[in-house]
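Before any comments, here is the structure.
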Amino acid sequence: MISFSTWDILIILLFFASILFIGFYSGRKTDNTADDYLLSGRKLSLFLFVLVNVSTWYGGILGVGEFTYRYGLVSWFTQGFPYYVFALLFAFFFAKKIREASLFTIPDKLTEVYGKNVGLVSAIVVFVLVSPAPYLLMTGNLLSLLFGIDIIPALLISLFLSLVYLVKGGFRSNVFVDAFQFFVMFAGFILIVIFSGMKFGTIDFLSSSVPDTHLELTGGMSPTFIIVWFLIALWTFADPGFHQRCYAAKSGSIAKWGIIISIFFWALFDFLTTTTGLFAKGVLPGLENPVLAFPLFAEQVLPSGVKGIFYSALFATILSTQISFLFLSGTTIGRDFAFRIRKNANESKIKSYTIAGLIISGLIAILLAYFIPSVIEIWYTIGSLFIPGIILPVVSAYYPKLRVDKMFILIEMVGAFLSSTVWYFVRSEFVDTSVLIELEPMLVGLIVTLTIHFLGILFANNRNTEN
């Protein structure tokens with residue numbers, strides 16, 4: 001099913017070797033201070049900001065291939081466009097404020113505004129949301145598919161490729177490795193689109209080879225389906241990676257314009273991946289497992305050597321997100337748990353705490369990837385249960401007029417999680433009621449969090465009026 005030439009194998013191995021070399025080399029001057037290890041001295045330039053911001057946005061590349069293969073342009077309309085909108089809003093309304101705060105993490109800000117208990121609860125939420133498990137699973141599955149190895153050693157190799165240099169180099173290694181992978185991922189997908197156009201043609205071929213609904217923005221999907229995906233994109237406001245890179249930027253302007261420029265590159269990469277997915281549908285219309293749409297299509301269109309570049313691009317797209325999420329996960333353990341919980345903890349210990357966090361989060365991710373061997377299930381479960389309760393606390397932390405009493409924030413975060421969880425398990429009981437069965441757990445959580453937060457604002461306004 002998948003065949004390699006010697007050139008393909010050498011190119012992929014060279015890609016892996018380059019990651020390790022860049023990771024170790026770039027991190028050789030990282031020191032033990034929290035600013036340097038966690039945020040590369042807060043000196044992230046506009047160029048590097050854009051490269052790392054773009055490359056870490058596409059970890060679910062095999063899922064993008066599957067979605068486009070199954071549904072067509074609606075993949076871009078639900079997985080791309082709403083994120084441009086919310087990223088633009090984030091750039092204008094949050095980027096400078098986050099940089100001016102000069103903190104380290106989202107729980108840092110929530111602790112500052114709402115107290116230690118809210119900070120610790122938010123740290124749990126962030127730790128779950130930035131789990132690298134889905135990306136370890138994808139990298140492991142790709143390694144297993146291409147090289148014929150079992151899933152456990154594949155997962156261990158996947159973890160090794162993203163962990164070893166982070167221990168020494170911290171965020172600086174993270175940034176330079178992801179910057180390298182930016183160029184690899186674009187090179188691979190530009191090449192496959194060019195070769196596809198040369199071999200099959202372009203617009204005429206696609207319009208005659210894929211279902212008509214694949215070329216419609218909504219793909220024949222219901223308004224509820226579209227709305228849910230737009231709401232999921234609200235996650236952008238509480239994305240720990242966005243906050244981390246804003247904290248690390250040289251200035252608020254770099255953070256703001258870095259995100260705005262990133263939107264252009266996201267749109268370009270979305271064009272490349274969507275086009276590739278449509279070609280895959282037209283050329284291979286009967287795939288039993290659309291998750292493999294990109295790898296199997298590459299077998300049809302790419303010559304020896306170029307195929308190795310494309311597979312390296314697939315690895316780069318996944319690993320760039322995997323590395324960033326692993327470091328965010330390790331930072332959450334080191335900074336937001338160990339540092340806060342331990343008595344007499346000081347900043348000089350944060351590096352050692354974070355290294356321990358990297359190892360712990362990596363091992364947890366391997367266990368999750370092994371026992372929940374479905375990327376979509378991991379994403380759906382994590383997103384549905386944990387995203388609703390974190391969005392408004394983060395937004396209100398930066399906008400005082402939206403703040404509520406810390407007790408309301410705690411109730412809001414816990415209530416959103418519990419309501420989403422309960423509905424996640426009981427929704428199937430309402431299979432005969434169309435309105436209820438289509439009500440996503442995330443929507444339930446958002447309704448609960450909006451209600452509680454609104455009541456909290458009313459309470460705060462009444463208390464201010466009485467005073």
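The values are calculated or read from the model by the stated rules, or taken from the named source; none is laboratory data. Fair warning: this is a prediction, and the values are worked out from it, not measured in the lab. When we count neighbours, we look across all protein chains shown, and the Cβ atoms used for this are built from the backbone with ideal geometry, even at glycine. For accessibility, only protein heavy atoms count, side chains too; no ligands or nucleic acids. Shrake-Rupley method; radii C 1.70, N 1.55, O 1.52, S 1.80 Å.
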Exercise for the section: Being within 30 Å of residue 11 (Cα to Cα), in contact (Cβ under 8 Å) with a residue 24 or more places away in the chain, aliphatic (A, V, I, L, M) and assigned to a helix (DSSP H, G or I) narrows it down to one of 318, 355, 333, so name that one. Expected result: 318
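Give the residues of segment 74-86 that are part of a helix (DSSP H, G or I) and not aliphatic (A, V, I, L, M), sorted by residue number.
Taking segment 74-86 as the starting set, the residues that turn out to be part of a helix (DSSP H, G or I) are 74-79, 81-86.
Listed by number, the residues that qualify are 75, 76, 77, 78, 79, 81, 82, 83, 84, 86.
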Exercise for the section: Would you mind stating whether residue 443 is within 16 Å of residue 122 (Cβ to Cβ) and either under 24 Å from the mean Cα position of the chain (by Cα) or of a type outside the set (Gly, Ala, Ser) (or both)? Expected result: no
Exercise for the section: Tally the residues that are in a loop (DSSP other than H, G, I, E, B) and under 21 Å from the mean Cα position of the chain (by Cα), restricting the search to segment 380-409. Expected result: 1
Completion exercise
Reported set for segment 283-304 where residues are open to solvent by 10 Å² or more (accessible area, probe 1.4 Å) and either without any contact (Cβ under 8 Å) to a residue 24 or more places away in the chain or of a type outside the set (A, V, I, L, M, F, W, C) (or both) is 284, 285, 286, 288, 289, 299, 300, 303, 304
Handout entry: helices (runs of 4 or more DSSP H) (entirely within segment 230-301) containing at least 1 residues that are among the hydroxyl-bearing types (Ser, Thr, Tyr) and within 20 Å of residue 214 (Cβ to Cβ)
Key = 252-283
Handout entry: Hits in segment 243-264 - residues which are hydrophobic (A, V, I, L, M, F, W, C), over 13 Å from residue 100 (Cβ atoms) and surrounded by 24 or more Cβ atoms within 10 Å (Cβ to Cβ)
Key = 248, 259
Exercise for the section: Provide a single number: the residues in segment 156-192 that are of a type in the set (Lys, Arg) and buried (at least 24 other Cβ atoms within 10 Å of the Cβ). Expected result: 1
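Condition check ((1) farther than 23 Å from residue 12 by Cβ; (2) assigned to a helix (DSSP H, G or I)) across all residues:
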{"residue": "92", "(1), (2)": "yes, yes"}
{"residue": "103", "(1), (2)": "yes, no"}
{"residue": "112", "(1), (2)": "yes, yes"}
{"residue": "124", "(1), (2)": "yes, yes"}
{"residue": "134", "(1), (2)": "no, yes"}
{"residue": "137", "(1), (2)": "no, yes"}
{"residue": "142", "(1), (2)": "no, yes"}
{"residue": "153", "(1), (2)": "no, yes"}
{"residue": "159", "(1), (2)": "no, yes"}
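With touching a residue at least 12 places away in the same chain (Cβ under 8 Å), within 30 Å of residue 17 (Cα to Cα) and open to solvent by less than 10 Å² (accessible area, probe 1.4 Å) as the only criterion, which of 118, 130 stands out?
So the residue among 118, 130 that is touching a residue at least 12 places away in the same chain (Cβ under 8 Å), within 30 Å of residue 17 (Cα to Cα) and open to solvent by less than 10 Å² (accessible area, probe 1.4 Å) is 130.
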Exercise for the section: Can you confirm whether segment 405-412 contains a residue that is touching a residue at least 60 places away in the same chain (Cβ under 8 Å), open to solvent by 10 Å² or more (accessible area, probe 1.4 Å) and not charged (D, E, K, R)? Expected result: yes
Practice task
Could you please give the count of residues in segment 41-55 that are under 18 Å from the mean Cα position of the chain (by Cα) and polar (S, T, N, Q)?
Solution key: 2
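Assess whether residue 278 counts as being open to solvent by 50 Å² or more (accessible area, probe 1.4 Å), modelled with pLDDT of 90 or more, among the aliphatic types (A, V, I, L, M) and under 27 Å from residue 11 (Cβ atoms).
Answer is no for this residue.
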Exercise for the section: Look at residue 196 and say whether it is among the small types (Gly, Ala, Ser), open to solvent by 30 Å² or more (accessible area, probe 1.4 Å) and over 20 Å from the mean Cα position of the chain (by Cα). Expected result: no
Practice task
Please state which of the following conditions residue 149 fails to meet, knowing it meets all the rest: (1) open to solvent by 40 Å² or more (accessible area, probe 1.4 Å); (2) part of a helix (DSSP H, G or I).
Solution key: (2)
Practice task
Within segment 56-73, identify whether any single residue is assigned to a helix (DSSP H, G or I), under 17 Å from the mean Cα position of the chain (by Cα), surrounded by 15 or more Cβ atoms within 10 Å (Cβ to Cβ) and modelled with pLDDT of 95 or more, and answer yes or no.
Solution key: no
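So which of 377, 412 ends up being modelled with pLDDT of 95 or more, farther than 30 Å from residue 197 by Cα and either assigned to a helix (DSSP H, G or I) or basic (Lys, Arg) (or both)? Steps first, please.
Working: 377 fails: modelled with pLDDT of 95 or more.
It is 412.
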